[in-house]
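Asker: Right, I'll just put the structure down here and ask away after.
Every read-out reported here was derived from the displayed coordinates using simple, explicitly stated rules and does not represent laboratory data. Because the structure is a prediction, the values reported are computed rather than measured. Cβ placement follows ideal geometry from the backbone for every residue including glycine, while neighbour counts extend to all protein chains displayed.
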Amino acid sequence: MENNIIDVLNKILTNTLDYKQVLQKLADSITHPPTTDKLNQLEDIAEKETEKLIRIVSDLGGDVESSERLTDQKAIYWFPRPLPDVGDNASVWASLIKAERNKEVDYKSLLEHQEIDRKTKNVLKSHLKKTESNIRDFQSILYEME
């Protein structure tokens, strides 16, 4: 069952890496400074989460390289495809909300595994709390735009 945990962690890692790249692409192409700033902040968060996930997988005896490639094919990315029109801020924020909701589902599912030790669970819970906070913030931003 431990491999299952590692596979799930690698799926989340793959999604986090993809999300980070999407955030970077969006930040580079959006001309609205407050949105660009927020995207850059999210990219920094994704980078930190990536480092923590790699450490957790390694601590559990998993192989980040080979497992990541295997799960990569099965991964359903958090951020919806195709990417939103960068000229349509509302659609960018709606896509960010969807991405954060998908991330929330994956983290909640992962946290239900009994095999996760308390220390790891606490790290993952902090990622989940940040995600839930982002959803609320993004919904407010989107609401203000309408």
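Asker: Multiplying the sequence separation of residue 77 and residue 143 by 0.36 nm and subtracting their Cα-Cα distance, what value in nm do you get?
Answerer: Once the chain is fully extended between residue 77 and residue 143, it gains 21.3 nm.
Asker: A follow-up question, please. Just the Kirkwood number for the chain, please: inverse of mean 1/r across all distinct Cα pairs, in Å, one decimal.
Answerer: 15.7 Å is the Kirkwood radius here.
Asker: Treating only the Cβ of Lys, Arg, Asp and Glu as charged (+1, +1, -1, -1), what charge dipole size does the chain show about its Cα centre? Round to the nearest 20 debye.
Answerer: 320 debye
Asker: Structure shown: which of 25/129; 25/103; 20/125; 48/103 lie over 23 Å apart, alpha-carbon to alpha-carbon?
Answerer: In this structure, 25/129 exceed 23 Å between Cα atoms.
Asker: Also: With a 10 Å radius around each residue's Cβ, average the other Cβ atoms per peptide and rank 42-54, 5-17, highest first.
Answerer: Answer by packing, highest mean first, reads 5-17, 42-54.
Asker: Another question, if that's okay. Which length gain, in nm to one decimal place, applies between residue 115 and residue 60 when the Cα-Cα distance is subtracted from 0.36 nm times their residue separation?
Answerer: 18.8 nm
Asker: Now for a separate question. Could you tell me which of 54, 77, 128 has its Cα farthest along the dipole of the chain towards the positive end, charges placed at Cβ (Lys, Arg +1; Asp, Glu -1), taken about the Cα centre?
Answerer: 128
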